[in-house]
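**Student:** The following block contains the structure, expressed as structure tokens.
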Amino acid sequence: MVTTRYRRWAAAAALVGLGWLVTPEAVPVYDGVSQPDEPYRYVSPPAGAKAVAPPTTALARTPVTAGESTAGLTLSTAETGPQFAAYLPRFGLKASGASVEVRASPKAPTDQPAGARIDGNVYQVAFVDPAGPVTLTSKAALATLYLRATTSRQPGPLMEHREAAGKPWVALDTSRGGLDVYVSALVGPGDYALAFRTTSGASGGGLPVLPVVLAGGVLAALGVVLVLRRRAPGL
Amino acid sequence: MTQALPDRWLRVVQVVVLLAAFGCAVGLRVVVGGAGVTQSYPAGLVFAGCLLPLAAAARTRVAVSGRALAVGLGGAVLVCAPVALGQLLTLRPLHDTRGLAAWVAVVTVVATAEEVFLRGTLYDATARLAGEPVAIALGAVCFALLHVPLYGWHVLPLDLAVGVVLGGLRQATGTATAPAVTHVLADVAGWFLR
């Protein structure tokens, strides 16, 4: 009896631990009203911005055996919530040394993508191995990068990437990973930034009828539950 | 046999209606909260305001006992352990208490409403129809999916796992009190552990 109880608790702990391990970034636990993020930390704050601490750098190291990184790697900056986070799967990097350091450093935007304006900082991602160059393997197709925008306004920004300063920005497939967090593939070293389109249409007002329809749905369901309860008291 | 069939269909209808209402409540929350839905107190309260009348209409009973409270406390320790461990390992400072009181009040209402509905009303209806394992699974899926519009798909694995644990607490204690205590305490701990 006692062992069964302990087994259940152990199974529950394992389940939660597993869920935590496969969730690539910290999430608000476990409910729907999350705490507000701290104000965005700019390298070069816009005029009138409140003085806050400087943005942080993300740093992580992964071991290399037989030329490939042998551990998955997550790294994120230290803000609440992180302004940069990334995940690299096991065997995602090819290198000749014993380990690879992955670093993401914030910097101020110096030039803009065509038809867009960078929101917040640019993050320069570097893979460092003193023994030689580092390349991504086919396993790195699962590598993911998260950037926090300075605002949650919609339509949201797109993730932009360029291989090095001076090269053209390229927009990446971007999805929304939270209120103001955007997700894209980590395609390699270089600069990453979020950018809002400057050639946007008028902001949509949404459908005012939708809340009424949804509220009606809840009320209708309430009515059905009440009717069912009267017809079958055992329910 | 002829008597049993309508009862079974009524139970199917009840589960389907509860799921539809839950979907509408989630949608209403997203619409009310707009782009700031994750931090919107009104949206959270509207959501709770949809779920609690449904639970009342279905005459959901939530028994409170010392054992359920203790199990709920144990559940909170369990689901907070990974976050607390991460906090310890990274030596991140605990968050300050500015704005905590209002946030705790809203979170308590929302989390309790979620548990009374998912681990009370929906659990009861599903367990009568298909058994407790299915009730646990359905509650966990609803719990995970409800967070997707707020935080994105990446929360699915963790919230699915936590949803199963919350369902397990309900099964072990026979009341939604235990998962509600776990859920509220985990949320409150989440204020500091971030």
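The values are calculated or read from the model by the stated rules, or taken from the named source; none is laboratory data. Just so it is clear, the structure is predicted and the values come from calculations on it, not from any experiment. Cβ coordinates were reconstructed from backbone atoms using ideal geometry, including for glycine residues, and neighbour counts include every protein chain displayed.
**Student:** Quick check, is B:Leu69 out of contact with any Pro (no Cβ under 8 Å at 6 or more places or on another chain), part of a helix (DSSP H, G or I), more than 10 Å from chain A (Cβ to nearest Cβ) and at pLDDT 95 or above?
**Tutor:** It is true that B:Leu69 is out of contact with any Pro (no Cβ under 8 Å at 6 or more places or on another chain), part of a helix (DSSP H, G or I), more than 10 Å from chain A (Cβ to nearest Cβ) and at pLDDT 95 or above.
**Student:** Looking only at the stretch B:147-162, decide whether some residue is surrounded by 20 or more Cβ atoms within 10 Å (Cβ to Cβ), among the acidic types (Asp, Glu) and closer than 25 Å to B:Gln39 by Cα.
**Tutor:** yes
**Student:** Let me ask something else about it. Could you list all residues from the stretch B:47-59 that are assigned to a helix (DSSP H, G or I), within 8 Å of another protein chain (Cβ to nearest Cβ) and without any contact (Cβ under 8 Å) to a residue 12 or more places away in the chain? Outline the logic, then answer.
**Tutor:** Going residue by residue through the stretch B:47-59, those that are assigned to a helix (DSSP H, G or I) are B:47-57.
Within this subset, residues satisfying the condition of being within 8 Å of another protein chain (Cβ to nearest Cβ) are B:47, B:50, B:53-54, B:57.
Of everything in the stretch B:47-59, those that are assigned to a helix (DSSP H, G or I), within 8 Å of another protein chain (Cβ to nearest Cβ) and without any contact (Cβ under 8 Å) to a residue 12 or more places away in the chain turn out to be B:Pro53, B:Ala57.
**Student:** State the number of residues belonging to the stretch B:27-46 that are under 21 Å from A:Leu222 (Cα atoms) and within 7 Å of chain A (Cβ to nearest Cβ).
**Tutor:** Of the residues in the stretch B:27-46, 5 are under 21 Å from A:Leu222 (Cα atoms) and within 7 Å of chain A (Cβ to nearest Cβ).
**Student:** So, one more: Which residues, taken from the stretch B:147-171, are in contact (Cβ under 8 Å) with a residue 24 or more places away in the chain, at the interface with another protein chain (Cβ under 7 Å from one of its Cβ atoms) and hydrophobic (A, V, I, L, M, F, W, C)?
**Tutor:** B:Leu150, B:Val162, B:Val164, B:Val165
**Student:** If you don't mind, another one. Given the residues B:Ala180, B:Ala127, B:Ala137, which is the only one that is within 24 Å of B:Ala58 (Cβ to Cβ), more than 10 Å from every other protein chain (Cβ to nearest Cβ), at pLDDT 95 or above and crowded, with 24+ Cβ neighbours inside 10 Å? Talk me through it step by step, then tell me what you get.
**Tutor:** Details: B:Ala127 fails: crowded, with 24+ Cβ neighbours inside 10 Å; B:Ala137 fails: crowded, with 24+ Cβ neighbours inside 10 Å.
Checking each option against the conditions leaves just B:Ala180.
**Student:** To continue, here is another question. Could you tell me which of the residues B:Ala25, B:Ala81, B:Ala20 is free of Cβ contacts under 8 Å to residues at least 40 places away in the same chain and surrounded by 23 or more Cβ atoms within 10 Å (Cβ to Cβ)?
**Tutor:** Every option except B:Ala25 fails the conditions.
**Student:** In the stretch A:32-68, which residues are within 22 Å of A:Asp191 (Cα to Cα) and not aliphatic (A, V, I, L, M)?
**Tutor:** Passing the criteria: A:Tyr40, A:Arg41, A:Tyr42, A:Ser44, A:Pro45, A:Pro46, A:Pro54, A:Pro55, A:Thr56, A:Thr57, A:Arg61, A:Thr62.
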